[in-house]
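Engineer: Quick one: the structure is below, and I'll ask about it shortly.
Quick note: the coordinates plus some simple rules give every number you see, no bench work behind them. Small disclaimer: the values here were computed from a predicted structure and weren't measured. Positions of Cβ are generated from backbone atoms using ideal geometry, with glycine treated the same way; all protein chains shown enter the neighbour counts.
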Amino acid sequence: MSTQTETGLSVRSVAFSNGGPIPPRYTCEGENINPPLEVSGFPQGTRALALIVEDPDAPGGVYDHWIVWNMPPNNTIVENSKAGVSGRNSFGNTGYGGPCPPSGSNRYFFKVYALDAELNIQPGSDKKALQTAMKEHILGTAELMGRYQKKK
């Protein structure tokens with residue numbers, strides 16, 4: 001199941017359904033690699049994609065798990081992807097950091113943005129810098145939400 005916006009942009013994953021559990025493989029209890037994502041319905045003029053993965057249920061507020069931009073507008077973001085330019089996540093690293101909630105079940109939102117241009121911001125920039133840079137370039141958005149609760 002995917003989510004779709006008025007622009008037609010949608011995102012889904014073969015690894016988990018919208019609102020469903022994220023497999024441990026993609027978390028701190030597994031291989032800690034990003035799940036595969038399928039993006040479709042690109043608005044006309046899409047030149048690049050940006051992706052923000054965040055957990056709004058984290059004890060200290062929204063926790064950023066993956067910040068990436070200037071990804072080519074392909075239909076697939078492959079598992080364990082290195083496409084695009086990585087920003088700094090809340091772990092203090094660049095690249096993907098999988099779900100790892102300290103307790104309970106948390107929600108993880110995979111938010112995809114279709115942009116009309118590539119962005120000129122420094123690798124390692126944070127989510128706020130990305131959001132500011134892409135503000136005037138967003139043609140469409142879509143999101144996929146998964147849940148995770150530690151097994152151990």
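Engineer: From the set of residues in segment 129-152 that are part of a strand (DSSP E or B) and of a type in the set (Gly, Ala, Ser), which is nearest to PRO56 (Cα to Cα)?
Structural biologist: This residue is GLY146.
Engineer: Could you please find all residues in segment 124-140 being of a type in the set (S, T, N, Q) and surrounded by 18 or more Cβ atoms within 10 Å (Cβ to Cβ)? Lay out the reasoning, then the answer.
Structural biologist: Within segment 124-140, the first condition is being of a type in the set (S, T, N, Q), and the residues that meet it are 125, 131-132.
Listed by number, the list holds a single entry, SER125.
Engineer: Just checking, does segment 89-99 include any residue being buried (at least 19 other Cβ atoms within 10 Å of the Cβ) and either in a strand (DSSP E or B) or more than 14 Å from the chain's Cα centre (by Cα) (or both)?
Structural biologist: No.
Engineer: Out of THR94, THR132, THR141, I need the residue that is among the polar types (S, T, N, Q) and without any contact (Cβ under 8 Å) to a residue 12 or more places away in the chain. Which one? Quick ask: steps written out before the conclusion?
Structural biologist: Values: THR94 fails: without any contact (Cβ under 8 Å) to a residue 12 or more places away in the chain; THR141 fails: without any contact (Cβ under 8 Å) to a residue 12 or more places away in the chain.
Being among the polar types (S, T, N, Q) and without any contact (Cβ under 8 Å) to a residue 12 or more places away in the chain holds for just one of THR94, THR132, THR141, which is THR132.
Engineer: Looking at the structure I just gave you, is ASP64 touching a strand residue (DSSP E or B) at 6+ places or on another chain (Cβ under 7 Å), among the charged types (D, E, K, R) and not in a strand (DSSP E or B)?
Structural biologist: The answer is no for ASP64.
Engineer: Restricted to segment 58-88, and to residues that are crowded, with 17+ Cβ neighbours inside 10 Å and among the polar types (S, T, N, Q), which residue is farthest from the chain's Cα centre (by Cα)?
Structural biologist: Only one residue fits best here, namely ASN70.
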